[in-house]
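Right, one structure below, let's go through it.
The values are calculated or read from the model by the stated rules, or taken from the named source; none is laboratory data. Predicted model only: the values in this text are computed from it and were never measured. Glycine also receives a Cβ, built like all others from the backbone with ideal geometry; neighbour counts cover every protein chain displayed. We work out accessible area using only protein heavy atoms, side chains counted, and drop any ligands, DNA or RNA first. Shrake-Rupley method; radii C 1.70, N 1.55, O 1.52, S 1.80 Å.
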Amino acid sequence: MNARHALTVTTTLHEIHAALGGDLLGDPARVIHRIAALGQADEQSISFVANPRYRAQLETTAAGCVIVAPALAEAAAQRGAAIVTPDPYHYYARLTQWWAARLRSGQHAGVHASAVIGEGVRLGADVTVGPLAVIEAGADIGAGAVIGAHCVVGPGVVIGARTRLAPHVTLMHGTTIGASGLLHAGVVIGADGFGFAPHQGRWDKIEQLGGVRIGDHVEIGANTCIDRGALGDTVIGDGVKLDNLIQVGHNVHIGEHSAMAGCVGIAGSAKIGRGCTVGGGAIVLGHLELADGVHISAASVVMRSINRPGQYSGVFPIDDNASWEKNAATLRQLHTLRDRLRSLEKKIDTP
Amino acid sequence: MNARHALTVTTTLHEIHAALGGDLLGDPARVIHRIAALGQADEQSISFVANPRYRAQLETTAAGCVIVAPALAEAAAQRGAAIVTPDPYHYYARLTQWWAARLRSGQHAGVHASAVIGEGVRLGADVTVGPLAVIEAGADIGAGAVIGAHCVVGPGVVIGARTRLAPHVTLMHGTTIGASGLLHAGVVIGADGFGFAPHQGRWDKIEQLGGVRIGDHVEIGANTCIDRGALGDTVIGDGVKLDNLIQVGHNVHIGEHSAMAGCVGIAGSAKIGRGCTVGGGAIVLGHLELADGVHISAASVVMRSINRPGQYSGVFPIDDNASWEKNAATLRQLHTLRDRLRSLEKKIDTP
Amino acid sequence: MNARHALTVTTTLHEIHAALGGDLLGDPARVIHRIAALGQADEQSISFVANPRYRAQLETTAAGCVIVAPALAEAAAQRGAAIVTPDPYHYYARLTQWWAARLRSGQHAGVHASAVIGEGVRLGADVTVGPLAVIEAGADIGAGAVIGAHCVVGPGVVIGARTRLAPHVTLMHGTTIGASGLLHAGVVIGADGFGFAPHQGRWDKIEQLGGVRIGDHVEIGANTCIDRGALGDTVIGDGVKLDNLIQVGHNVHIGEHSAMAGCVGIAGSAKIGRGCTVGGGAIVLGHLELADGVHISAASVVMRSINRPGQYSGVFPIDDNASWEKNAATLRQLHTLRDRLRSLEKKIDTP
């Protein structure tokens, strides 16, 4: 049985071209069932060349149609149908969106009988609520939103139009989410921030009384957590994309259109600018600021604010274990080595 | 719409002072609706100065009342109402607790009709069980405990008085939790530890037959996992605070009042002392011991036992990418550089 | 109350020996209630010595029976009953499996009345479905499988025989899992991969149209996430073992019998060979390949493909904070130090 079975669509080049544009070379009546990479494509597949270095694959692919940039139009047309467009990767992105919309069409299913809807909940037009979801009192769900099976939407939570929640999402009270968002399974928004006052050898809890405000077009990956603010709110800007298993601490601000890969941790009160990227597994310490356009490499640790755009890195290079052991041991004497070098320099320069 | 709407309370300085003490300067009848940071406060807000370096904000804040230490009493009183107390941060912590207790008062809701309660379950007085929670046979829930919507409490699990579980918490069989705990959404306690015996190129499962014992006043962050022991138990001491997305392996022991920030990983059989702290993203390898009062900086990796209290760190410093690349490349030759330095030293010293 | 209470079994050495083999020295009628480590064992416990360095504990343990290698048979028999077998650790693993099977026997419970089963779902013989689980249309669950409370099994998902899902597992459409698997609580399979095309300062979503194919005998730890492929599938080979809180990106391939400890992140399109191990907290960047038999140390970052088997490491050594600060500061000048060393070498060698 094929896992992709449910992901096939029956369409034609004519339909694709009518919906998404570009220059269509070849037979508009050609039937397309799949989007596929060049190497996996068959004659019922549409594929794309986003990068000229894959040009060689053009000659060997069995794809029924290939999306290409103008420079490759001739080469592509020699082997079969083609769609020519200035930015094939963007065309491919739009094609996947059109494709997914077709797969989802007709899935609107209303409110499942097993869902538990609290008092005073406002459901917009065409809202879908999955089996056994819980929507607590006073929540406000925008038109066309989808609340997955087993989600828990806390009291008074606000969800914008067309925002979709996969199963098992938890939104605590004090959370607002904008329109056209997508939250994957296991996401937790609005758990308490990590706030304690040390007192006589114990930790006295600082109750977290702020909320979480999330903009429009935000995507949040599976099992990612965004904590509520201590007093003010944690704020996620429009267009932010967060991958899976990310931790966002209390009162963090993430600027518009920033993106973070999996396993990132952003400690409390950090302010991340607009258009930043943070690579997988990176850590940003608390109360720091990153300017707009700062890019942090995977697994790097940001220990000071960064006020200029650019790429920043800090990772111990991997090596065979024996080499690493020798270099790591020497690293623990590095400051001493520097002093020995200085001392040598003095001797040489003042003989 | 304001995410904090649900977090406002109507009270007076008189009520606050009566509940929490301190010296009240100013009008006890003043109405307070919010706790706010100095910069966000309005005249219906109470704020605090925990650190003398924020003294300048005292002059500009619009807060209706400010909590201050005796040294700032005069300055605070000149601008409006004040509460004077030796430790303003601790007073603030207690104020948030009193505030949150008011917000939660009257939320006791009994057992929701949709919850699934197994045979022989013992529910103490005033237990709340949320919608669609599952409590399996023989579980024992202490008085005043709160089991959130969609929680799954395994067979025979013991939960102490007043402990609260947010939605979507999973407690597997063999778990015991003390009193006054707080577990955030998505927490998993008692999943199998990662135990396999290598055998003929495969991994033979070692079934995990221990449990998890968690003390009183323990807080566990969203989506954090604590595995059951292989044979004996995994043990979390009283007053331990764990942030979100932390992994605690089988048979780990965490001493009383230790705290760990988000994304930490503690490998199996590690023993963490009392009063330790572990910064976000740090990793502690298996079978190691950390003495009481050991503090591990964020993103550091503990590869050997540490038997003396103190602060320990190990992080590659972040830099602009070009500088990092040069230094990282050189680091892979560091041992060789040391040898070259030694060789030079010999030449100089024995000319 | 004892967390392990539920994990005791009443058996005899005769029963254990009949089931698992080996040479039994001592009274077959001896009653055994527990498996325990040497130091925690009592006379109703069976214990084991997997490593000769624990030989000394043989003399002091109170265990009613000890599993030992032939070299320790005599020493073990002098103190009480023993089972002698060439690989005691493997015998112990098999004993835990036999023990756990007894604990689970009779737990088959059919389909709970509160579960929500969609149209066209196929349930094999003896399938257990827990309370409030949701199985969507067209899913296919193999004989003897166990679907835990609150699981969500998406439309068309295929689950092999005897595979068990703990509570709160989410399997999205397009997921297939083989036989005899074990997925712990909070696992999310088939969330969207992290795919976006940058376009005019925003991120254009690339809808993720692939699936996830998981082999037989795969174990996946709590809250671990495996994303669906962008076009093709994400593939997890037979016998793979993944610990908790691991992120596996879209189109990753993990070879058979590889194992990864907690908090690991594998970025998109990485190809991990057979029989590899990845230590806790390690990160593997996208599109890299690891050969069969590559072992990555905990918290290391793989930034290039590795085509030879072996152990690889890259971690900044931990130190007291003051020493670390000095060495880390010097590390930022390391390339300059190398140049200074070269310059000195030239001066010395060409005086």
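On a per residue basis, the convex hull of the C-alpha atoms belonging to region A:17-100 measures out at 79 Å³.
Here's the list of lysines a cross-link from B:Lys346 could span, going by alpha-carbon distance under 24 Å and ignoring same-chain residues fewer than 8 apart: A:Lys326, A:Lys346, A:Lys347, C:Lys346, C:Lys347. Report P(r) for region C:164-215: all Cα-Cα distances, bin width 5 Å, range 0 to the bin holding the largest distance, values in whole percent. Answer for region C:164-215: a P(r) of 5, 18, 20, 20, 12, 10, 8, 5, 2, 0 percent. Relative contact order for chain C: 6 percent, from Cα pairs under 8 Å spaced at least 6 residues apart, divided by residue count. Note on region B:62-142: the alpha carbon radius of gyration divided by the globular reference 2.2 N^0.38 Å gives 1.87. Geometric descriptor of chain A, per residue, is 241 Å³ (volume of the convex hull of the Cα atoms).
The fraction of accessible area contributed by carbon and sulfur in chain A is 51 percent, rounded to a whole number (1.4 Å probe; ligands and nucleic acids excluded).
Straight-distance candidates among the aspartates and glutamates for linking to A:Lys205, with alpha-carbon spacing under 20 Å and chain neighbours fewer than 8 residues away dropped: A:Asp192, A:Asp227, A:Asp233, B:Asp87, B:Asp216, B:Glu219, B:Asp238, B:Asp243, B:Glu256. Legend: mean number of C-beta atoms from other chains within 10 angstrom of residue C-beta atoms, peptide B:263-273, equals 4. As an equivalent ellipsoid, the protein assembly as shown spans semi-axes of 39, 39, 39 angstrom, where each value is the square root of five times an eigenvalue of the C-alpha gyration tensor, largest first. Peptide packing: for B:187-193, B:331-337, the average count of neighbouring Cβ atoms within 10 Å per residue gives the ranking B:187-193, B:331-337, highest mean first. Could you tell me whether region A:282-351 comes out rounded, prolate or oblate from its Cα gyration tensor? Rule is a ≥ b ≥ c as square roots of the eigenvalues, rounded for a/c under 1.5, then prolate if a/b exceeds b/c, otherwise oblate. Judged from the Cα gyration tensor, region A:282-351 comes out oblate (a/c at least 1.5, b/c at or above a/b). Distances from A:Asp292 to itself in the other copies, using label points 7 Å out along the Cα-Cβ axis, amount to 5.3, 5.3 nm in increasing order. In plain terms, the C-alpha convex hull of region B:116-312 casts an average shadow of 10.7 nm² when viewed from every direction. Summarising the strand pairing of chain B, around 10 percent of its internal DSSP beta bridges are antiparallel.
The order of B:Thr11, C:Thr176 by accessible area, most exposed first and with a 1.4 Å probe, is C:Thr176, B:Thr11. On association of chains B and C, roughly 6300 Å² of accessible area becomes buried (total for both chains; probe 1.4 Å).
Counting only protein heavy atoms and a 1.4 Å probe, the protein assembly as shown has 37 square angstrom of accessible area per residue.
Accessible area per residue (1.4 Å probe, heavy atoms of protein chains only) ranks B:Cys276, C:Cys263 as C:Cys263, B:Cys276, with the largest value leading. For region C:160-171, backbone phi angles converted through the Karplus equation (6.51, -1.76, 1.60; θ = phi - 60°) give residue-by-residue couplings of x, 4, 6, 6, 10, 10, 5, x, 6, 7, 10, 10 Hz, Gly and Pro being listed as x. Relative to the Cα centre, the charge distribution of the protein assembly as shown, modelled as +1 at Lys and Arg Cβ and -1 at Asp and Glu Cβ, gives a dipole magnitude of about 2000 debye. Counting, for every residue in B:170-178, the Cβ atoms of other protein chains within 10 Å of its Cβ and taking the mean gives 4. Amide H contacts of C:Val302: C:Ile283, C:Val284, C:Leu285, each under 5 Å away and 5 or more positions distant or on a separate chain (H built 1.01 Å from N in the peptide plane; Pro and chain starts excluded). Using θ = phi - 60° in the Karplus curve 6.51 cos²θ - 1.76 cosθ + 1.60, the 3J(HN,Hα) couplings for region B:295-310 round to 10, 9, 5, 3, 6, 7, 10, 8, 10, 8, 5, 10, 10, 10, x, x Hz; x is entered for Gly and Pro.
Residues whose amide H comes within less than 5 Å of that of B:Ile67, counting only those at least five positions distant or on another chain, are B:Ser47, B:Phe48, B:Val49, B:Ile83 (H built at 1.01 Å from N in the peptide plane).
Taking 25 Å as R0, compute the FRET efficiency from the Cβ-Cβ separation of A:His287 and B:Trp98 and round it to 0.05. That gives a FRET efficiency of 0.40. Cα centroid separation, region A:290-331 to region B:108-167: 46 Å. For the residues B:Gly249, B:Gly178, B:Gly314, a GNM of chain B with alpha-carbon springs under 10 Å puts the largest fluctuation on B:Gly314. In chain A, taking the dipole from charged Cβ atoms about the Cα centre, the farthest positive-side position among A:Leu24, A:Ala145, A:Ser323 is held by A:Ser323. Phi angles of region C:51-58 translate, via the Karplus equation with coefficients 6.51, -1.76, 1.60 and θ = phi - 60°, into HN-Hα couplings of 10, x, 6, 8, 3, 4, 5, 4 Hz per residue; Gly and Pro are given as x. Taking amide H atoms as placed 1.01 Å from N in the peptide plane, the amide H of B:Gly144 lies under 5 Å from those of B:Ala125, B:Asp126, B:Val127, B:Arg162, each 5 or more residues away in sequence or on another chain. Relative to its residue count, region A:186-291 spans a Cα convex hull of 88 Å³ per residue. Note on chain C: helix-only mean residue ellipticity at 222 nm, from DSSP H runs of 4+ residues weighted -39500 (n - 2.57) and normalised by residue number, equals -5500 deg cm²/dmol.
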